[in-house]
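Note sheet for the following structure.
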Amino acid sequence: MVTLAKKEIQGLILRGYSNLPNAIYLLLQITNVENAKKWLAEIGDQITDGDTKPRENAMNIAFTLEGMKKLGLSKNALKTFSGEFEEGMSTEHKQLMFGDYGKSDPKNWAWGGPHCPEVHVMLMLYTDTNERLETFKKVVIERINAAGITILEKIDTCRPDNEKEHFGFKDGISQPFLAELSEKGPADDPIAIGEFILGYKNEYGQYTDSPSILPSEDPANLFPVEPETNNKDFGANGSYLVFRQLGQDVKAFWDFAYENSKDKNGNYIHEEAVKLASKMVGRWPSGTSLVDSPEKDDPSMCDKNDFLYHTQDPQGLGCPYGAHVRRNHPRDCLEGIPKESSFITRKHRLLRRGRSFGAPVAKSMNPQDILKTNDTAPSGARGLNFICFNADLARQFEFIQNIWINNPKFQSLTDELDPLVANPLGRGNNNETNSFSIQEKPFRKRLQNLPMFVHTMGGAYFFMPSISAVKYLAS
Amino acid sequence: MMNVQDGLTLLFDTREDKLQDLIQLLNKLSENIEANDLMPFGKMKKIHFARWVMMDATHDVDGNPIPAHLLFESDYDGDEAEHINEMLDVGLPGFIKIFRTCKGFPEKENVTREEVLVFINSHNAPKTGLFIGAWGRSVEQIKQEKELYYAVEDYLDANREALITKSPLEIRNKVREYVWSKDEFAWSKVPPGKRSFKQNFQYYGYLAFLVCCAIILLPFLLIMVITALIMLRRREMKEPATDHHLDKSKVSLLQKHEKFNLQNQFSAVGNIKPGTFRLRFLKKTLWMINRVSRYVFNKGKLATIPSIHFARWVFLDDHKRLIFISNYDGTSDQYLTDFVNKQPAPMSAIFCHMMDFPKTKWLVLEGARDMKGFVAWARKKQIPSQVWYSAYKDITVKNIIANTNVRMGLYGSISDKKAQQWLNLL
Ligand code: HEM
Ligand code: HEM
């Protein structure tokens, strides 16, 4: 275990702020650089660091490559960011990797797409009460306006008390175990902190490539020296932030679950629909894993996360091979070799920090209520602001999105994508059918032609720098 | 008789004055790889994978120039002469056009097929290490078994209600009845070719021979390997550390060539370290891999990497350079991380003899375990393929093996338990 420079690391990386349920993200575009720098210097002091737990409000900031360029980061330095970051999220190559076709095509995005105005900065505000968010927001926005900075988007969030996402499932249960952040001490093998924060050793015992500046560009000596190059480690204590705004079609999801679990007479059976939906997620609505409780929901285990797939459910009879959580973190079940699998999956983890947006279809988030409600909200009215941190975009986020979510040949499956979040158009060539099989005895049940439940509405890669690096950008 | 697969590598020197012609030609092939009128790969039934690669002129370790090359490689079924003949049957005009851009090809109006054949044979690079993911399966078998697999899946879906109440064995028998009633699956009534007596004799006889040799020569071998390792270690210690710098713009260029995402190709070429020691060591290692690979790596895994269809090492330019050629499932990013995550030791044992490879310790330690260094090295050595053909772009090695297993479940009388295991494959 290493000591973290918690005063340097922005708070959101180390904490999910579950005690601050109200939040808004502001996407900004800089026009006047002078004024923007002044503004940044002012708010630089108010950025929440990871040292103390905020009680009332928190503010964090992240930048796109264009944003840092605009703020005058040198050409040299800009070149040292990772290739994936430089390429961004909306090129043709990325489209193919992530399955952003049709409705999810970057051309249709509300922000971050090729036809959208350049995003430079994301300011993220969190508060305990809604009233406080309103006042906080007002003050912050006034200052932004005063500095002549354009607000491109105000992305609202919602965080229901039961911590459910819009389909009605508890989210945010499974996170990588980080010894440095644990108060109780390690229960199992912790993941190296360098997988999520630059400047620390990763799972290979190496330092992930980090953006750097020349020694001459750091007269104030803000940054540590990179041993290999002798450059100054601008990225230390920072992290790459992935933001994908994902619209959720809740009605379509539950319609599909009910339609495909009808009894012989064509009647809906509520329990069966919930079960089918849970098979797609891999957890029950309460959060309990299908591995721990294969037959029915058992809320007493809702936060239990120490289960294994190969060991407890090798044939996928509880949690199907293709379920969202089994695909996105296969634990010990890759290649049927548990030890090797755990070794490998450790290298593909994400620190998820997203929040939902939009009003729930039914306040209870209960499937029966969802089905009963006559929902007239347009597509894209609600969904998940998927946000995660990682040190290596290629090996972590892009790998998961491409090789696990969007891979029709994931493991031993054929022509199946992530049933919950993948675009059924897959990699754009329409000869792939999108099915989902549920392992059963004597043979699997297979659902065909899954519709699109989740679509991409916008997105970009950001870099969330250390507190010192924010100050550096302001100078 | 079981089908045999092998790899063909042809190496030509290109003519500088015809470079543009060549680039245009290859682009044209690439645009319609299956059915162009010059070299329609889709009509060559024996080819699994093939590629044309242009290699720039460069220098060897001593600074002597190495001319620009054009490389052709194919992974094919059966006999090499038959394979070349089949290619000429449908692709003769294309070969002639391409060869006109190469040195040493007859410069006259009408070139005969015989002359083309002679030209090919005289540029055939010697075979070295070969790895095959799905042993013994011909292109035809792979394609047929894929259709069979889909038919079985669809049958289960369509008859779910009627089948679900039956025992696993009854279900399996129903499936078999259905499949065998179809003309298009008549071939599946006969199991795939097993090794013939002669092949078996060769397979096991050779294994016995290897084991005997190993036992008899054990003391000698041990001394040799230990001496060689000590000699190697002395060289390793003297070598400088390699740099970790990843050429990002090259990576993004290479990734633009990865259009399919389900399968891709990889070629990497580089100089072998100077001196005869490294070369001899490498030759021995590849020789051993070639001998033992069909016994050890016959489960479709190149050392637990279950995603490689074919992989090959070939010496070029009078053993000054080595090229590694492979066809695999997934993206190159995933492929390279797989090497580091799953099998760094064998990778080090082979590639440590090439220039710039991350420093190894005792042949297999460190080296490819150095994630950053390995990826930076591999990207540096990687070269794009101008033309790449796959006979079955939508099937992974795992699919191929699983599909065969589905077919094998149709034969003979099996227990209920075995039938259940078979159904678990679907
Ligand atoms: C609207 C879209 C999405 C919804 C509704 C959704 C929903 C869920 C739910 C309900 C869980 C279970 C709770 C938990 O284990 O924490 C979960 C887990 C997870 N999701 Fe998603 N998700 C979405 C998009 C994504 C995307 C785009 C990714 C990755 C690129 C992703 C990666 C993960 C991971 C890594 C886990 C944890 C698995 C584990 O560690 O066991 N999700 N998701
Ligand atoms: C049946 C097994 C083997 C036999 C009969 C054999 C035989 C020989 C002979 C006769 C030489 C000296 C001539 C030459 O340098 O080419 C030699 C050299 C060498 N052998 Fe082997 N060898 C065997 C296995 C191996 C193995 C398994 C390795 C290690 C992978 C190995 C590594 C070497 C090396 C590195 C040299 C060169 C030493 C030098 O440069 O002086 N050999 N071997």
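The values are calculated or read from the model by the stated rules, or taken from the named source; none is laboratory data. This one's a predicted model, so the numbers in the text were calculated from it and none came from an experiment. When we count neighbours, we look across all protein chains shown, and the Cβ atoms used for this are built from the backbone with ideal geometry, even at glycine. With ligands, DNA and RNA removed, areas are computed over all heavy atoms of the protein, side chains included. Shrake-Rupley method; radii C 1.70, N 1.55, O 1.52, S 1.80 Å.
Database remark: amide H of A:LEU246 closer than 5 angstrom to the amide H of A:LEU384, A:ASN385, A:PHE386, A:MET457 (H placed geometrically; neighbours at sequence offset of 5 or more, or on other chains; Pro and chain starts carry no H). Here A:HIS93 and B:HIS59 are evaluated by their C-beta separation; at R0 = 30 Å the FRET efficiency comes out at 0.40. Bridging of B:LYS97 to lysines at a Cα separation below 16 Å is possible for B:LYS18, B:LYS28, B:LYS108, once same-chain residues fewer than 8 apart are set aside.
Derived scalar couplings between HN and Hα for region A:240-252 equal 7, 10, 9, 10, 10, 8, 10, x, 10, 9, 5, 4, 4 Hz in order, rounded to whole Hz, by the Karplus curve 6.51 cos²θ - 1.76 cosθ + 1.60 (θ = phi - 60°), x for Gly and Pro. Round to the nearest 10 and give me the degree value, 0 to 90, for the angle of helix A:270-281's Cα axis relative to the longest principal axis of chain A. Result, in degrees: 40. Ligands, DNA and RNA left out, the accessible area of region B:5-129 computed with a 1.4 Å probe is 49% carbon and sulfur. Between rounded, prolate and oblate, where does the protein assembly as shown land on the alpha carbon gyration tensor, with a ≥ b ≥ c its root eigenvalues, rounded for a/c under 1.5, else prolate if a/b exceeds b/c? Verdict is oblate for the protein assembly as shown.
Among the listed pairs A:LYS107/A:LYS154; B:LYS283/B:LYS320; B:LYS166/B:LYS417; A:LYS347/B:LYS359, those with a Cα-Cα distance over 18 Å are A:LYS107/A:LYS154; A:LYS347/B:LYS359. Exposure here means at most 14 other Cβ atoms within 10 Å; with GluC sites (Glu not before Pro) in a DSSP loop as sites, the longest stretch of chain B lacking them is B:110-426. Here the Karplus relation 6.51 cos²θ - 1.76 cosθ + 1.60, evaluated at θ = phi - 60°, turns the backbone of region B:79-90 into coupling constants of 8, 5, 4, 5, 4, 5, 4, 4, 5, 6, 3, 9 Hz, with x for every Gly and Pro.
Classify region A:30-162 from the C-alpha gyration tensor, please: rounded if a/c falls under 1.5, else prolate or oblate depending on whether a/b exceeds b/c. Taking the square roots of the gyration eigenvalues as a ≥ b ≥ c, region A:30-162 is oblate. The dipole here belongs to region B:5-129: it is taken about the Cα centre, uses +1 on the Cβ of Lys and Arg and -1 on the Cβ of Asp and Glu, and is about 240 debye. Once the 1.4 Å probe is applied to the protein heavy atoms, region B:5-129 comes out at 45 Å² accessible per residue. What's the angle, to the nearest 10 degrees (0 to 90), between helix A:33-44's Cα axis and the longest principal axis of chain A? With both axes taken from Cα atoms, the answer is about 70 degrees.
Label region B:155-250 by shape, choosing from rounded, prolate and oblate, from the square roots a ≥ b ≥ c of the eigenvalues of the Cα gyration tensor; if a/c is under 1.5 it is rounded, and otherwise prolate applies when a/b is larger than b/c, oblate when it is not. Taking the square roots of the gyration eigenvalues as a ≥ b ≥ c, region B:155-250 is oblate.
Using the 1.4 Å probe convention, the accessible area of region A:114-255 works out to 43 Å² per residue with neighbouring protein chains retained. For the pair A and B, the buried accessible area comes to roughly 3500 Å² in total, with a 1.4 Å probe and the value rounded to the nearest 100. A Cβ-based charge dipole, computed about the Cα centre of region A:268-394 with Lys and Arg at +1 and Asp and Glu at -1, lands at about 520 debye. Between A:ALA77, B:GLY367, B:PHE49, the Cα set farthest toward the positive side of the dipole of the protein assembly as shown (charges on each charged residue's Cβ, about the Cα centre) is that of B:GLY367. Here the contact order of chain A, divided by its residue count and restricted to Cα pairs under 8 Å and six or more residues apart, works out to 24 percent. For the pairs A:LYS275/A:LYS363; B:LYS45/B:LYS393; B:LYS393/B:LYS418; B:LYS248/B:LYS381; A:LYS164/A:LYS441, note any where the Cα-Cα span goes beyond 23 Å. Table pairs above 23 Å Cα-Cα are B:LYS393/B:LYS418; A:LYS164/A:LYS441. In chain A, the DSSP-assigned H stretches of four residues or longer account for a calculated mean residue ellipticity at 222 nm of -6000 deg cm²/dmol, using -39500 (n - 2.57) per stretch and the full residue count as denominator.
With contributions of -39500 (n - 2.57) from each DSSP H run of at least four residues, the per-residue ellipticity at 222 nm computed over chain B stands at -15000 deg cm²/dmol. Look at the alpha carbon pairs under 8 Å that are at least 6 residues apart: their mean separation over the length of chain B gives a relative contact order of 24 percent. Among the GluC sites (Glu not before Pro) found in region A:30-81, those both in a DSSP coil and sparsely packed, with 15 or fewer other Cβ atoms within 10 Å of their Cβ, are A:GLU56. Shielding by partners for peptide B:164-177, expressed as the average number of C-beta atoms from other protein chains within 10 Å of each residue's C-beta, is 1. Averaged over the residues of peptide A:438-448, the number of Cβ atoms from other protein chains lying within 10 Å of each residue's Cβ is 6. Residues of region B:314-343 whose accessible area (probe 1.4 Å, heavy atoms of protein chains only) drops by at least 20 Å² once all protein chains are present, relative to their chain alone: B:THR331, B:ASP333, B:GLN334, B:THR337, B:ASN341, B:LYS342. Which of the listed residues, A:ASN265, A:GLY287, A:PRO190, is farthest toward the dipole's positive end in region A:184-287, when Lys, Arg count +1 and Asp, Glu count -1 at the beta-carbon? So the residue we want is A:ASN265. I'd like the distance between the alpha-carbon centres of region A:96-165 and region A:28-54, rounded to an integer number of Å. The two parts, judged by their Cα centres, are 16 Å apart. The separation of region B:151-206 from region B:224-238, counted between C-alpha centres, amounts to 52 Å.
Computed 3J(HN,Hα) for region A:110-117, one whole-Hz value per residue from the Karplus formula 6.51 cos²θ - 1.76 cosθ + 1.60 where θ = phi - 60°, is 6, 8, x, x, x, 9, 9, x, glycine and proline marked x. Could you tell me the center-to-center distance, by alpha carbons, between region B:94-147 and region A:358-377 in angstrom? If we compute the Cα centre of each part, the gap is 63 Å. Here the relative contact order of region B:5-129, from alpha carbon pairs under 8 Å that lie six or more residues apart, stands at 38 percent. Candidate cross-link partners of B:LYS238 among the aspartates and glutamates, defined by an alpha-carbon separation under 19 Å and a same-chain spacing of 8 or more, comprise B:ASP62, B:ASP356, B:GLU366, B:ASP370. Counting Cβ atoms of other protein chains within 10 Å of each Cβ in B:363-375 and taking the mean gives 2.
Across the options B:LEU336, A:LEU384, A:PHE399, the greatest Cα extent toward the positive end of the charge dipole of the protein assembly as shown (unit charges at beta carbon of Lys, Arg, Asp, Glu) belongs to B:LEU336. Eigenvalues of the alpha-carbon gyration tensor of region A:166-311, scaled by 5 and square-rooted, set the equivalent ellipsoid semi-axes at 46, 19, 11 angstrom, largest first. Residues in region A:1-38, backbone N under 12 Å from the label point at A:ALA377 (7 Å along the Cα-to-beta-carbon vector): list them, ranges by number please. So the set is empty, nothing qualifies.
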